[in-house]
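Worksheet for the structure shown next.
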Amino acid sequence: MDTARPLPADGTGYPVSQTLQEGLMPLSADIITELAAQLQRAATECRAGTPLSDSRPDLDETDAYAIQAALLERKGGVRVGYKLGFTSAAMREQMGVEHPNSGVLLADMRLDAPRLPAGALIQPRLEPEIAVLLGQDLRGETVTPEQVAAATAAVLPALEVVDSRYRDYRFKAVDNIADNSSAARYLTGAPRALSDVGDLRLTGVLLEIDGETIDQGLGAAALGSPLASVAWLVRHLAGRGEGLKAGELVLTGGLTRAHALRPGQTAVAHFGGGLGAVSLHHPVDAT
């Protein structure tokens, strides 16, 4: 019987954390290190494996975030922000995940050109998102979307490229958390002042692949507003005694379902409200 007791939900209706399951001990440091190494090998070898929960059915969110931290420590690199997963109903429905989660963005995940390195990822999928660049530190358990707006230096159109290290994107929520919320690469367009782009809740996006519109969404899909998504993240991090720092970027969550980007294809996300567009090509090979 599942005896997990989630913490009280925030204003979005989704819990910001999950307690340890009653009667279960957290994983040992050695097991956490072993599972993190398993995920890193999958990424390095570009070979997806089975979900961690297949062999560890008692894996809970506390364990999963510990594995994520160990994975990031193994990767090294500089943290430049965070990504949110499953902030939209479309993504939660697509992947069978009940509530949002978070992952960490590292500097080498940022694409400096609209071109995805050939052969670098296992099974890349695209999500159009609205990114928020912080101009001030944010922390605390009661941060509101209005406070996020006041701390925002800029907003940007973005394409996140996710890549699960689990075969066919088959995973439970805890597996996805451990895998750093499927973080892989991201590309942003030109920054805009928040005051210049209108209501982010009403900002629409059309996602095209090879000139064909395949999906569309609204900023409101991200927990009601991208600013609400950032507020959720701040409250979530507060449970670990952490917060957001000025200069960090937050990918606030996919506004549509995730779509495969196959070699030879080009995707373009067109955002309304003056936010702009961002495009990405997936070459067939490295030449």
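Of everything in the stretch 218-228, what is open to solvent by 20 Å² or more (accessible area, probe 1.4 Å) and touching a residue at least 24 places away in the same chain (Cβ under 8 Å)? Give them in sequence order.
Scanning the stretch 218-228 gives Leu218, Ala221, Leu223, Gly224, Leu227.
Examine the stretch 13-20 for a residue that is under 19 Å from Gly254 (Cβ atoms) and modelled with pLDDT under 95, and state whether such a residue exists.
yes
Taking the condition of being in a strand (DSSP E or B), open to solvent by 10 Å² or more (accessible area, probe 1.4 Å) and closer than 17 Å to Leu159 by Cβ, how many residues in the stretch 77-91 meet it?
Total satisfying the criteria: 1.
This table checks each residue for (1) surrounded by fewer than 22 Cβ atoms within 10 Å (Cβ to Cβ); (2) under 21 Å from Pro124 (Cβ atoms); (3) of a type in the set (Ser, Thr, Tyr).
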{"position": "Val234", "(1), (2), (3)": "no, no, no"}
{"position": "Arg240", "(1), (2), (3)": "yes, no, no"}
{"position": "Ala246", "(1), (2), (3)": "yes, no, no"}
{"position": "Gly254", "(1), (2), (3)": "no, yes, no"}
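So which of Val205, Val143, Val162, Val174 is within 30 Å of Asp63 (Cα to Cα), in contact with a strand residue (DSSP E or B) (Cβ under 6 Å, 6 or more places away or on another chain) and among the β-branched types (Val, Ile, Thr)?
Testing whether each residue is within 30 Å of Asp63 (Cα to Cα), in contact with a strand residue (DSSP E or B) (Cβ under 6 Å, 6 or more places away or on another chain) and among the β-branched types (Val, Ile, Thr) leaves just Val162.
Being open to solvent by 10 Å² or more (accessible area, probe 1.4 Å), part of a loop (DSSP other than H, G, I, E, B), in contact (Cβ under 8 Å) with a residue 24 or more places away in the chain and under 16 Å from Ile209 (Cα atoms) is the filter here, so list the residues in the stretch 259-287 that pass it.
The answer is Pro263, Gln265, His282, Val284.
Please identify the pairs in which a residue from the stretch 25-54 that is in contact (Cβ under 8 Å) with a residue 12 or more places away in the chain has its Cβ atom under 8 Å from the Cβ atom of a residue that is open to solvent by 70 Å² or more (accessible area, probe 1.4 Å) and among the acidic types (Asp, Glu), counting only partners at least 6 apart or on another chain.
Every condition considered, the pairs that remain are Ala36/Glu73; Ala48/Asp168.
The values are calculated or read from the model by the stated rules, or taken from the named source; none is laboratory data. Here the structure is a predicted model, which means the values were calculated and not measured. Every residue, glycine among them, receives a Cβ derived from its backbone with ideal geometry; neighbour counts consider all protein chains shown. Only protein heavy atoms, including side chains, enter the accessible area calculation; ligands, DNA and RNA are left aside. Shrake-Rupley method; radii C 1.70, N 1.55, O 1.52, S 1.80 Å.
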